[in-house]
Ligand code: XIL
């Protein structure tokens, strides 16, 4: 019993859930839920993989140039080790939750190259050998498949992507190196953009092992099974593995029988596609417990995106995932 047990039977490496370090996750009024939360997270057999939701991001690990702090990241990475779970590490180079000093300085190309090399060397070096995978570059693309403007792109162009992967490959040769982004779960200009990034790295002989489909989806307007299969195959055909790395499927609150039924079908489709395409190796929920979801903070009228409600009863979508596995 447990989603991970079913996922392994279905041929996946893992079914997992991201979780926040206590320093980040503590919410006033929720202290009493942690025993039950932690039981499901670490002990229940539902999950055999985790990702630190925030603790390895630039803002936390290098808040000041050359000053590294691994405290938040370590909380989740050491729990992963303690419970023998796969660890996905997240995220080395990203325009968001970036330390302000990176954006506030006017860099020459050489200086910014050094900043990236130092960051990746230190951070990937610190967790060397512990990460099944690293999200090396996160969210480099716009919806139309062009590159997103960021301090990295504006100063270095696509070279920053090559530099990040090259450096990560040197520092932690055993970690699978992923490009990770959202809205890659159905064929589009953006999925073509991500394929272009993979091919660029491959053409240059730079190690790239996977594409992470974040899979922040919407219950009321979800893709079909076939659309998901096509998108996943598009990446797998390039010879890289695919994972659903941040799965959640939000709905317009309040939850009711109708939007929960759509959510169930949406979860079933996307997990089912991962099971059906050989190159898709695992699924990570972006937390499993609704009160700890990022969704209501970012999408005002939406929520209930995960598989466990506030009272720890399961969404109908839990059964959708079981059916897909
Ligand atoms: C989110 C976290 O869940 C929030 O706690 C945080 O405030 C913002 O970031 N894409 C990503 C994740 O790659 O790192 C983001 O996580 C969600 C979108």
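Find the residue count for the range 117-131, including only residues that are touching a helix residue (DSSP H, G or I) at 6+ places or on another chain (Cβ under 7 Å) and surrounded by fewer than 20 Cβ atoms within 10 Å (Cβ to Cβ).
The total comes to 5.
Of all residues being away from the ligand (no atom under 15 Å from the Cβ) and surrounded by 15 or more Cβ atoms within 10 Å (Cβ to Cβ) in the range 132-152, which is nearest to residue 281 (Cα to Cα)? Just the residue, please.
132
For the range 63-78, enumerate the residues that are touching a residue at least 40 places away in the same chain (Cβ under 8 Å) and either within 16 Å of the ligand (Cβ to nearest atom) or closer than 18 Å to residue 286 by Cβ (or both).
Once the filter is applied, which keeps residues that are touching a residue at least 40 places away in the same chain (Cβ under 8 Å) and either within 16 Å of the ligand (Cβ to nearest atom) or closer than 18 Å to residue 286 by Cβ (or both), the range 63-78 yields 72, 73, 75, 76, 77.
From the residues in the range 177-218 that are away from the ligand (no atom under 16 Å from the Cβ), closer than 19 Å to residue 278 by Cα and assigned to a loop (DSSP other than H, G, I, E, B), which one is farthest from the chain's Cα centre (by Cα)?
Of everything passing the filter in the range 177-218, 187 is farthest from the chain's Cα centre (by Cα).
Listed here are the residues, each with its yes/no results for (1) away from the ligand (no atom under 16 Å from the Cβ); (2) at pLDDT 95 or above; (3) within 22 Å of residue 86 (Cα to Cα).
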| site | (1), (2), (3) |
| --- | --- |
| 265 | yes, yes, no |
| 278 | yes, yes, yes |
| 302 | no, yes, no |
| 320 | yes, yes, no |
| 323 | yes, yes, no |
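To keep it simple, each residue is scored yes or no on (1) within 28 Å of residue 20 (Cα to Cα); (2) within 16 Å of the ligand (Cβ to nearest atom); (3) under 15 Å from the mean Cα position of the chain (by Cα); (4) not in a helix (DSSP H, G or I).
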{"residue": "235", "(1), (2), (3), (4)": "no, no, no, no"}
{"residue": "245", "(1), (2), (3), (4)": "yes, yes, yes, yes"}
{"residue": "249", "(1), (2), (3), (4)": "yes, yes, yes, yes"}
{"residue": "262", "(1), (2), (3), (4)": "yes, no, no, no"}
{"residue": "272", "(1), (2), (3), (4)": "yes, no, no, no"}
{"residue": "275", "(1), (2), (3), (4)": "yes, no, no, no"}
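Does the range 94-117 include one or more residues that are under 27 Å from residue 38 (Cβ atoms) and within 15 Å of the ligand (Cβ to nearest atom)?
yes
Among the numbered conditions (1) under 30 Å from residue 270 (Cα atoms); (2) loosely packed, with under 15 Cβ neighbours inside 10 Å; (3) within 16 Å of the ligand (Cβ to nearest atom), tell me where residue 174 comes up short.
Among (1) under 30 Å from residue 270 (Cα atoms); (2) loosely packed, with under 15 Cβ neighbours inside 10 Å; (3) within 16 Å of the ligand (Cβ to nearest atom), residue 174 violates only (3).
Answer yes or no as to whether residue 242 is without any contact (Cβ under 8 Å) to a residue 40 or more places away in the chain and within 20 Å of residue 15 (Cα to Cα).
The answer is yes for residue 242.
May I ask you to say which residue of 136, 198, 155 is in contact with a helix residue (DSSP H, G or I) (Cβ under 9 Å, 6 or more places away or on another chain), under 24 Å from residue 85 (Cβ atoms) and modelled with pLDDT of 95 or more?
Of 136, 198, 155, the one residue that is in contact with a helix residue (DSSP H, G or I) (Cβ under 9 Å, 6 or more places away or on another chain), under 24 Å from residue 85 (Cβ atoms) and modelled with pLDDT of 95 or more is 136.
Exactly one of (1) more than 16 Å from the ligand (Cβ to nearest atom); (2) surrounded by 15 or more Cβ atoms within 10 Å (Cβ to Cβ) is unmet by residue 310. Its number?
The number of the failed condition is (2).
Among the listed residues 65, 88, which satisfies the condition of being under 26 Å from residue 137 (Cα atoms) and over 21 Å from the mean Cα position of the chain (by Cα)?
65
The values are calculated or read from the model by the stated rules, or taken from the named source; none is laboratory data. What you see is a predicted model, and the numbers here were worked out from it, not measured in a lab. Cβ atoms come from the backbone with ideal geometry, glycine included; neighbour counts cover every protein chain shown.
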